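To keep things clear, I will list the structure first and then write my remarks on it.
The values are calculated or read from the model by the stated rules, or taken from the named source; none is laboratory data. The shown structure was predicted, so the numbers you read here are calculated from the model rather than taken from an experiment. In this analysis, Cβ positions are derived from the backbone assuming ideal geometry, glycine residues included, and neighbour counts consider all displayed protein chains.
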Amino acid sequence: MALPDKNDTKIVAIVGPKGGVGKTTISANLAIALSKLGKNVIAVDLDLGASNLHTLFGIRETKASLDDFVLNKITNLPDIVMNTDVNNLRIICGGNIPGIANLHYNKKLKLIRNLSQLKSDFVLLDLGAGASSNVVDFLIIAQDGVLVTTPEVPSLLNAYSFIKTLIFRRLALHFKQIEQKELIELLDKARDFESYPKLKTMEGLIEAVRSINVAAANSIRNFLTNYKPIVVVNRARSEKDADTGKVLQNLMNQYLSIKSSIILSVHEDTAVGIAVTKLKPVLLAAPRSLFAKDIEMIAQVLVR
Amino acid sequence: MAFPVIIYSADKSRGGILHKILKRNGLSTLWENQLSQTQAAVLTHHPEIFIADIKNALKNEIVFLANICLKLQGAFLIVIGGSVDINTFEKQVSELVLENNLRLTDPLSPELIVSKVKEVLSLREKPLQAQQTDLEIDLKQFLKL
Ligand SMILES: Nc1ncnc2c1ncn2[C@@H]1O[C@H](COP(=O)(O)OP(=O)(O)OP(=O)(O)O)[C@@H](O)[C@H]1O
Ligand SMILES: [Mg+2]
């Protein structure tokens, strides 16, 4: 996939392999936190077919949305960028036409290209749950990823598997590009690591790759060194809950050789539910809440 | 000994509580209640985190603190106090300082401060090899690792 021209925009993807973990709540409020730091922000609702980002901003009527783009009613994505009541913050509302979730590949490519050309300090992508191509295809243009999980085991498992899937996808892409069949086969074996225990860790896999192609091994290492996923443990009720992120960090370090993951947590907070009933983002309804302070912390990490 | 965390609080009880709870959490913390000593401490220790309690602070106290903040060299700043104090502070500091800080309005929440301090410190160090927890064992079993 040819990457479009770079500009100074930082695209941040908010993902969460499990549904309902708080991706949209975090996206909306993170967008506000960044705009409060003086950054221009566009929040994009990419939960195709199940969009609700605009409701968190209290926007009842979406004058224009991704539907219009998908149905070719408009050709330029910037034409559906809407202003919000918050300074510096704009939004692209999601589409709701049935079937939009099965976006045709060429359409999706066009959308991805248009997204990458948006001009703003930050573009936040609120993606749908899961690890389908409708989520991961958009990650190729993101410089930063915020992976949202909750402290519960199922969500943590999903989070780990999601990261692993992403890495394997990257490797597969790279191996296909350099057209080395042996490496592609090796990757299949690593997926079935129970039968090939030496490939259980990324270190093992890198060693096996090195014996076939040194340059490929180096470029995997290089990719992993620069990979700094931000993991947010949302709805933490205690310090123990918040620390579950460290366990995930250890597993990623030990088995996937990701050395620089960033772990943050967000408190469970009644202010969130109250804000929703007021149709106001938490950062505006309760700027001093624990939730708000945690979100500001994520914003600080992103602007660094 | 270098202190990664420095607190300025002229208020004996607020400063005392914060100092105690941070220390209890294993965070090596220095508490100063005078401005000149605070400035000296910041210059000597180059802390990772500077906590400035500006509750009921006078205007020139805030100006002094804002100047200290300019010497922080990338340290994370946590400002605590009433909303009026914080507004005054915001007007004093340059945008440079504003990029790397968190402002917490009263009521004082030592727990939140501890958790943020830990977060900032862990962001600045390499991932630590924690001991195997029950959760880790569970996750490994599910992932067949
Ligand atoms: N920190 C929190 N404290 C309390 N409630 C929260 C918190 N974070 C999210 N919630 C609540 O959890 C619910 C799900 O949140 P949200 O819609 O943001 O999740 P999502 O991951 O976007 O879901 P989906 O997968 O359906 O897109 C909402 O009711 C929200 O108010
Ligand atoms: Mg959502």
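What are the residues in the stretch B:1-59 that are buried (at least 16 other Cβ atoms within 10 Å of the Cβ) and of a type in the set (Lys, Arg), if any? Across the stretch B:1-59, the qualifying residues are B:14, B:55.
Does residue A:130 qualify as being over 17 Å from the mean Cα position of the chain (by Cα) and assigned to a loop (DSSP other than H, G, I, E, B)? Lay out the reasoning, then the answer.
Numbers: over 17 Å from the mean Cα position of the chain (by Cα): no; assigned to a loop (DSSP other than H, G, I, E, B): yes.
No.
Within the stretch A:115-127, residues that are in the same structural domain as residue A:65 (by TED's automatic domain parsing) sit with their Cβ atoms under 6 Å from residues that are assigned to a strand (DSSP E or B) and surrounded by fewer than 21 Cβ atoms within 10 Å (Cβ to Cβ), at 6+ positions apart or across chains, in these pairs: A:122/A:10.
All conditions but one from (1) of a type in the set (A, V, I, L, M); (2) within 22 Å of residue A:35 (Cα to Cα); (3) more than 24 Å from the chain's Cα centre (by Cα) apply to residue A:80; the one that does not is (3).
Scanning the stretch A:237-295 for residues that are within 13 Å of chain B (Cβ to nearest Cβ), farther than 23 Å from residue B:79 by Cβ and among the hydroxyl-bearing types (Ser, Thr, Tyr) yields A:238, A:244, A:255, A:257, A:260, A:261. Candidates B:70, B:108: the one that is at pLDDT below 90, out of contact with any Phe, Trp or Tyr (no Cβ under 6 Å at 6 or more places or on another chain) and within 22 Å of residue B:20 (Cβ to Cβ) is B:108. With a requirement of 1 or more residues that are surrounded by fewer than 21 Cβ atoms within 10 Å (Cβ to Cβ), the strands (runs of 3 or more DSSP E) lying completely within the stretch A:1-102 that satisfy it span A:10-15, A:89-92. Name every residue in the stretch A:176-197 that is more than 13 Å from chain B (Cβ to nearest Cβ), within 26 Å of residue B:143 (Cα to Cα) and without any contact (Cβ under 8 Å) to a residue 12 or more places away in the chain, in order of residue number. Answer for the stretch A:176-197, where residues must be more than 13 Å from chain B (Cβ to nearest Cβ), within 26 Å of residue B:143 (Cα to Cα) and without any contact (Cβ under 8 Å) to a residue 12 or more places away in the chain: A:185, A:188, A:189.
Selection of the stretch A:8-29 for residues being within 11 Å of ligand 1 (Cβ to nearest atom) and among the aliphatic types (A, V, I, L, M) yields A:14, A:15, A:21, A:26, A:28. Of the residues making up the stretch A:244-260, at least one is at pLDDT below 95, surrounded by 20 or more Cβ atoms within 10 Å (Cβ to Cβ), within 15 Å of ligand 1 (Cβ to nearest atom) and assigned by TED's automatic domain parsing to the domain that holds residue A:172. Being among the hydroxyl-bearing types (Ser, Thr, Tyr) and in the same structural domain as residue A:201 (by TED's automatic domain parsing): is that true of residue A:211 here? In short, yes.
Picking from residues in the stretch A:22-50 that are small (Gly, Ala, Ser) and more than 14 Å from chain B (Cβ to nearest Cβ), the one that is farthest from ligand 2 (Cβ to nearest atom) is A:31.
Across the stretch B:111-136, the number of residues qualifying as modelled with pLDDT of 85 or more and facing chain A (nearest Cβ under 9 Å) comes to 10.
Condition first: more than 22 Å from residue A:23 (Cβ to Cβ) and in contact with a helix residue (DSSP H, G or I) (Cβ under 6 Å, 6 or more places away or on another chain). Now tell me which residues in the stretch A:40-67 satisfy that. A:64 - this is the single residue of the stretch A:40-67 that is more than 22 Å from residue A:23 (Cβ to Cβ) and in contact with a helix residue (DSSP H, G or I) (Cβ under 6 Å, 6 or more places away or on another chain). Total residues in the stretch A:113-127 satisfying the condition of being in a helix (DSSP H, G or I) and surrounded by fewer than 19 Cβ atoms within 10 Å (Cβ to Cβ): the figure is 2. Where helices (runs of 4 or more DSSP H) fall wholly inside the stretch A:187-304, the ranges with 1 or more residues that are within 16 Å of ligand 2 (Cβ to nearest atom) and either on the phi > 0 side of the Ramachandran plot or under 19 Å from the mean Cα position of the chain (by Cα) (or both) are A:290-303. Quick one: is residue A:130 at positive phi, within 16 Å of ligand 2 (Cβ to nearest atom) and assigned by TED's automatic domain parsing to the domain that holds residue A:78? Judged against the criteria, residue A:130 is a match.
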